[in-house]
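Okay, structure first, notes after.
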Amino acid sequence: MKTLIKFMTLAISIGLFFSCGNGTSNTSNQGALSANVAEKVYVAPGEHDEFYAFISGGFSGQLSVYGLPSGRLFKVIPVFSQDAEKAWGYNEETKPMLNTSHGFVPWDDSHHPDISQTNGELDGRWVFINGNNTPRIAKIDLTTFETTEIIEVPNSAGNHSSSFVTENTEYVVAGTRFSVPVPQVDMPISEYKGKFKGALSFISVDPEDGRMDLKFQIIMPGFNYDLSHPGRGKSHGWMFFSTYNTEEASTLLEVNASQNDKDFIAAVNWKKIEAYVNNGGGKKMATNYAHNVYSDETHTATSTMKKEVLVVDPTEVPDAVYLLPTPKSPHGCDVSPDGEYIIGSGKLSADLTAHSFTKMLDAIENKKFDGDAYGIPIINYEDVVGGTVKSGGLGPLHTEFDAEGNAYTTFFISSEVVKWKLGTWEVIDRKPCYYSVGHLMIPGGNSRKPFGKYVVAMNKITKDRYLPTGPEVTQSAQLYDISGDKMELLLDFPTVGEPHYAAGIAADIVKKNSKKFFKLTDNKHPYSVKSEAETKVTRNGNEVHIYMTTIRSHFAPDNIEGIKVGDKVYFHVTNLEQDYDVPHGISMIGANTSEVLIMPGQTESFVWEPKQVGVWPFYCTDFCSALHQEMQGYIRVSPRNSNVQLSWSLDGE
Amino acid sequence: MKKSKLLMFLAALLPLGLFLFPLWNITLEAPQYPTPLGMHIYINDFADANPHDIKNINLMNHYVGMKYIPEAIPEFKIFPAGIIITTILGLIIAFKFSHKWYLYWFILMVSLSAAGLYDFYLWEYDYGHNLDPRAIMKFTNPDGTPMGFQPPLFGTKNILNFTAHSYPRLGAYLLALGIATSLVAYIVGKKELKRT
């Protein structure tokens, strides 16, 4: 027995010895390695990141702004969803931004941000992003990092192959994922085939002020239009859309839309259609959609209902639309920086299909067609394919490019990023993702001039990558260094909502244009006041308007009497500050809305309907100054039949 | 024309630069102000170094009970008149009078500038010490007397969280150069007299 114990003790000691030894050497190795990697993502305190990354929020409906390589979150820009923090969709000024033909829709599913371009290069003026659910396209101004325009897309449903801009931001393009009856009509779902249509919308962008206008819609066969990208350089003037469900199934799509060996990439010569439309082509169709515009002068949005849209039957425009057969329900549809290759990622396949633009033009000229679909010519597969990447992965989704002729493709099923060479189609490197990557983004990777230093992989599954937070865990992005031959994983960082795509740009292009505050003298809000002397309270029936100001560290006025139960009280608050980063906030006890957060020089309004008699305080919600806690006021609420006169004051004056 | 006379012309004209360039500048640095707050003092105006700086200086200073920097002060009328009169005087001297008068003009300008600086000091003293008795924050010196917030007349000084810099600017240098030139004109004139 004793011997046995001795023997076991010896065995355990040896075990400990060995495991300790191993452990130590492992740790030190990893330590050296991580220190090296850590340096590559370390942005010292007070220093700025090299790139902005605009990462979509997916089901959060917003757009988040990150720095690369640090992965630090700077701002969540409210776009399609109400945001109480910034009063987006809560204050009187921004409620019209969320208006649609279905009324006020306070949420959407934001997918694909794309930065405006000039000559095929990112110019950093605006970011466009699509709302997938109630089809909308939003424009974010990169001087204020605020959403300044939202246009609804009629005849569309599941606005997914959006919002990609053409080489000079002539158009932001929005394609429908779900085909629907166009125009909408009460009909049996089973009669989908041939009767449902897919609308591809071309929204023009004013080169000066960026104003969007739905110029025309191409009414395509009833496929699912999944993703799109613009031609560039030699293929400028074309737009490419991946399609699936060319089976035109309306039920159990996971099976019924996966039957055809090949679906299509639709190649649309939008320049031809633009010319056709400019010469009076197309038909005006009655419809109803909202166009919402926010003004930085009035700090107020207006919503206009548009009643008409110009639709184009593609078979009536010669040589405008072709279908390129592409294997296995292609998802991503990405165009190389030189505009030559259109990469279709058959998501049920292992291989990537690279269509050649040059071959496509040749096939069109020599009519190398293989029939048609609803009158749209289908190009012979062999006569358009430029190459196939035998990836060895499974479930390819999206491809981006660097400046050295390499492409990077994400594989959802095999959970990896694969680097391969354009033209030779050879795989150069592959790195795992944790886990199941969806989109990826290289700053400028969707332009003629990729910056090509990092790739961000946006993963769909997180599991154990971070400290657990119950059943729902954060979504995760991963940053890889792609400056060498081999990719190197540098960083995991959590993201807001579910990122579907991102757009990155060199910070130097954008940051110099970022506004510091709004000029008070330029404020044209109808309820603004420019000084404390102008503040007042007016009554019209039971509607009361308070013209209020804020400046460190008080409201003017801050004592108001003569408000009655049943009044509808509008607070119009102007922030008189004219300095960088001095917002003030205001909230009123019992107001059935959010606080408002007012930037210097801005006016914002909220409504309060007092229901109880008494004296009720309001206060500043943003820690504005050393005397922030003193920044408060009172409103006296009297019974409905009271004779208390309307009065207001600050410091008894 | 004699060299001394030319120099005296130059001396009389140089102070006119005060109408183009600031006389003085006060700059306030603090951690919260990565771009410091600054005020240019012209002979007829207070101006922002960057837009809204004076407004923001006032906003800071009201916490310790300092008065707002006025839109205008009487000096904005007196100083320009003084410069115009002394320039005309200088030109007349250059035209009509001998080099001895150059020295008198020099002495006049030195005295007037000294008076101007003293006046500036008085204004600064009042600005930094004549505080609102209802001031939000009241600070005392170690000896118990109320703390003043007077910016330095010339130089750099720490005032609570701010570092205040107060230095002459191009306008003041042109004035000084003009005054110095009149002295040179006098000396050159004296030498010219000996030679003849």
- Residue by residue through region A:555-567, which ³J(HN,Hα) values in whole Hz follow from phi under the Karplus form 6.51 cos²θ - 1.76 cosθ + 1.60 (θ = phi - 60°), with glycine and proline marked x? 9, 10, x, 10, 10, 10, 10, x, 8, 10, 4, x, 6
- Treat every Asp and Glu Cβ in region A:525-649 as -1 and every Lys and Arg Cβ as +1, leave all other atoms uncharged, and give the resulting dipole magnitude about the Cα centre to the nearest 20 debye. 580
- Projected-area mean, region A:51-511, by convex hull of Cα positions, square nanometres: 20.6
- Item | Calculated from backbone phi, Karplus (6.51, -1.76, 1.60) coupling profile of region A:224-231 in Hz, x at Gly/Pro | 9, 9, 8, 9, 8, 8, x, x
- Note on the structure: Sorted by chain and number, the residues with a modelled amide H under 5 Å from that of A:Ala373, at a separation of 5 or more or across chains, are A:Ile378
- Per-peptide average of other Cβ atoms within 10 Å, ordering A:194-204, A:497-507, A:375-385 highest first: A:497-507, A:194-204, A:375-385
- Task: Could you bin all the Cα-Cα distances of region A:525-649 into 5 Å bins starting at 0 and give me the percent of pairs in each, rounded to whole numbers?
- Result: 2, 12, 23, 26, 20, 11, 5, 2, 0, 0
- Query: Roughly how many debye, to the nearest 20, is the charge dipole of region A:349-453 about its Cα centre, given +1 on each Lys and Arg Cβ, -1 on each Asp and Glu Cβ, and no other charges?
  - Reply: 380
- Query: Can you flag which of A:Lys524/B:Lys67; A:Lys139/A:Lys453; A:Lys215/A:Lys272; A:Lys536/A:Lys564; A:Lys75/A:Lys536 are past 23 Å Cα-Cα?
  - Reply: A:Lys524/B:Lys67; A:Lys139/A:Lys453; A:Lys75/A:Lys536
- Can you give the accessible area of A:Val165, probe radius 1.4 Å, in Å² rounded to 10? 0
- Note on the structure: Note, region B:31-37: 3J(HN,Hα) by Karplus (6.51, -1.76, 1.60, θ = phi - 60°), whole Hz, Gly/Pro = x, goes x, 6, 10, x, 9, x, 7
- Task: Mind jotting down a quarter of the surface of the convex hull over the alpha carbons of region A:387-475, in square nanometres, one decimal?
- Result: 6.2
- Ratio for region A:88-234, C-alpha Rg to 2.2 N^0.38 Å, reads 1.07
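Contour minus end-to-end for B:Leu160 and B:Ile85, with contour as 0.36 nm per residue of separation and end-to-end as the Cα-Cα distance?
Result for the pair: 22.8 nm of gain on full extension.
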- Value of relative contact order over region A:599-648, rounded to a whole percent, pairs C-alpha under 8 Å and six or more apart: 35
- Any idea of the total accessible area buried by the A-B contact, 1.4 Å probe, rounded to 100 Å²? 900
- accessible surface per residue for region A:51-511, probe 1.4 Å, DNA/RNA/ligands not counted, whole Å² -> 34
- Task: Quick one: angle between helix B:170-195 and the longest Cα principal axis of chain B, in degrees between 0 and 90, rounded to 10, please.
- Result: 20
- At R0 = 41 Å the Cβ-Cβ FRET efficiency linking B:Ala180 and A:Tyr580, nearest 0.05, sits at 0.50
- Query: Using helices alone, what [θ] at 222 nm do you get for chain B, with -39,500 (n - 2.57) per DSSP H run of 4 or more residues, divided over all residues and rounded to the nearest 500?
  - Reply: -17500 deg cm²/dmol
- Compare each residue of region B:22-57 in its chain alone against the assembly with all protein chains, and report those whose accessible area goes down by 10 Å² or more; 1.4 Å probe, heavy atoms. B:Tyr33, B:His52, B:Lys55, B:Asn56
- What do you get when you divide the Cα radius of gyration of region A:36-146 by 2.2 N^0.38 Å, with N the number of residues? 1.19
- Query: region B:1-155: Rg/Rh from Cα coordinates, Kirkwood Rh?
  - Reply: 1.10
- Where does the charge balance sit around A:Ile551 when Lys and Arg score +1, Asp and Glu -1, over other residues with C-beta under 11 Å from its C-beta? -1
- If you add up the charges near A:Ser101, with Lys and Arg at +1 and Asp and Glu at -1, over every other residue whose beta carbon is less than 12 angstrom from its beta carbon, what do you get? +2
- List the GluC sites (Glu not before Pro) within region A:264-371 that fall in a DSSP loop (any state other than H, G, I, E or B) and whose Cβ has at most 12 other Cβ atoms within 10 Å. A:Glu297
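Pairs of alpha-carbon atoms within less than 8 angstrom and 6+ residues apart define the contacts here; what relative contact order does region B:3-195 have, in percent?
37
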- Filter the trypsin sites (Lys or Arg not before Pro) in region B:40-108 down to the DSSP loop ones having no more than 15 other Cβ atoms within 10 Å, then list what survives. B:Lys67
- Message: Under the rule of at least 5 residues apart or a separate chain, name every residue whose amide H is placed under 5 Å from the amide H of A:Leu310.
- Response: A:Gln217, A:Met285
- Item | Quotient of C-alpha Rg and 2.2 N^0.38 Å, computed over the protein assembly as shown | 1.25
- Message: Counting only other chains, and only Cβ atoms inside 10 Å, what mean value do you get across the residues of A:578-584?
- Response: 4
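With a 1.4 Å probe and every protein chain kept in, tell me what percent of the accessible surface of chain A is carbon plus sulfur.
54
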- Query: Under the rule of -39500 (n - 2.57) per DSSP H run of 4 or more residues, summed and divided by the residues of chain A, what mean residue ellipticity at 222 nm is obtained, to the nearest 500 deg cm²/dmol?
  - Reply: -3500 deg cm²/dmol
- Would you pull out the residues with amide H under 5 Å of A:Gly332's amide H, same chain only if 5 or more places away, H placed 1.01 Å from N? A:Ser345
- Message: Give me the 1.4 Å probe accessible area per residue for region B:3-195, excluding ligands and nucleic acids, in Å².
- Response: 55
- Message: How far apart, in nanometres, would the label points at A:Ala533 and B:Ile187 be if each is projected 7 angstrom from Cα along the Cα-to-Cβ direction?
- Response: 5.5
- Note on the structure: Each label sits 7 Å from Cα toward the beta-carbon; between A:Gln259 and B:Asp143 the label points are separated, in nm, by 10.0
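The values are calculated or read from the model by the stated rules, or taken from the named source; none is laboratory data. This is a predicted model, so every value here is computed, not measured. We place every Cβ from the backbone using ideal geometry, glycine too, and count neighbours over all the protein chains shown. These area figures cover heavy atoms from the full protein model, side chains too; ligands, DNA and RNA do not enter into them. Shrake-Rupley method; radii C 1.70, N 1.55, O 1.52, S 1.80 Å.
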